[in-house]
Amino acid sequence: MSDSTVPPVVDLATWQAARDELLVREKAHTREGDAIAAARRRLPRVEFDGKVEVVGPDGPVPFLDLFQGRDELVTYKHMWYDGAPHQGQCEGCTTTAWHLDDAVYLNARGVSYAVVTTGPWEEVAAFVEFMGYTQPWYSVRGVDEPVGGEMGYLSAYLRDGDRVFLTYSTTGRGNERVNSSMGLLDMTPYGRGESWEDAPESRPVLGNVLEGHPSVAGQACWSWRSDADGHATWGPTSRPVPQWSRPGATPVETLGRTGPHH
């Protein structure tokens, strides 16, 4: 390990002083986050028809069923590529789905959780089984917003009897709140290893940083795809890099070459 790739060595008192200085900023950040959450709770609501049908393992059901009798619901809107092999589905969405594989604490607080996607149910069901996801999934193909529409969002809903309301939605880096690994990586000296991070030039970059990739425009690189030769693309034998989230999956032997049922 080169000294140029890690923080300098100091005594404990010097480290504590630097840590205390950073703590002031961290506490301010936390308080501002609390204030934003308070404003979020005061956003207006949008009412829509909760009887609109979505498709799950038991066939078409009203969106109201996703609440499972609770008053609040959070959904993750998983992107979908029709006809793509399993490894051709969204890199970021697959890892997000894995990071919230158990909603028992949400349930205890009166909040249900489900994943929705625009894929046809036959493809979605095969993908969910292959990946081993345990949370409920539903196809919202052909359903208008706020249930369907654009994917890649976290959305929150409120139920009042049979009346249903959209209360909040976020996309992009706002979805990181589900991905606890990101927060833990932010605590490490090497960080996430993404090309957009502010880090000393000598620090290693953990992603496949390739010339001409959109990371130069600030895009995240932790979910790039790689083919068998390490090129940032995807094809019949590729996998998301580095976190294809099905345990034990390898590019050729278990992901399949042609379609979602292989």
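A few remarks follow.
- Being under 30 Å from Tyr190 (Cα atoms), small (Gly, Ala, Ser) and either touching a helix residue (DSSP H, G or I) at 6+ places or on another chain (Cβ under 6 Å) or surrounded by 10 or more Cβ atoms within 10 Å (Cβ to Cβ) (or both) holds for only one residue in Ala13, Ala28, and it is Ala28.
- Looking only at the range 125-176, and only at residues there that are touching a residue at least 60 places away in the same chain (Cβ under 8 Å) and polar (S, T, N, Q), the one that is surrounded by the most Cβ atoms within 10 Å (Cβ to Cβ): Ser139
- Test: residue in the range 32-43 that is within 24 Å of Val147 (Cα to Cα) and in contact with a Ser or Thr (Cβ under 8 Å, 6 or more places away or on another chain): yes
- Only residues that are within 15 Å of His99 (Cβ to Cβ) and part of a loop (DSSP other than H, G, I, E, B) were counted across the range 161-190, and they come to 2.
- Any hit, the range 96-119, residues being of a type in the set (Ser, Thr, Tyr), surrounded by fewer than 19 Cβ atoms within 10 Å (Cβ to Cβ) and farther than 30 Å from Asp160 by Cβ: no
- Selection of the range 59-95 for residues being touching a Leu at 6+ places or on another chain (Cβ under 9 Å) and surrounded by fewer than 15 Cβ atoms within 10 Å (Cβ to Cβ) yields only Asp71.
- Residue in the range 34-43 that is farther than 30 Å from Leu158 by Cα and at pLDDT 95 or above present: no
- Strands (runs of 3 or more DSSP E) within the range 71-160 that include 2 or more residues of a type outside the set (Ser, Thr, Tyr): 72-78, 111-117, 153-160
The values are calculated or read from the model by the stated rules, or taken from the named source; none is laboratory data. Note that the coordinates shown come from a computational prediction; the quantities given were computed from them, not determined experimentally. Virtual Cβ from ideal backbone geometry, glycine too; neighbours counted across all protein chains shown.
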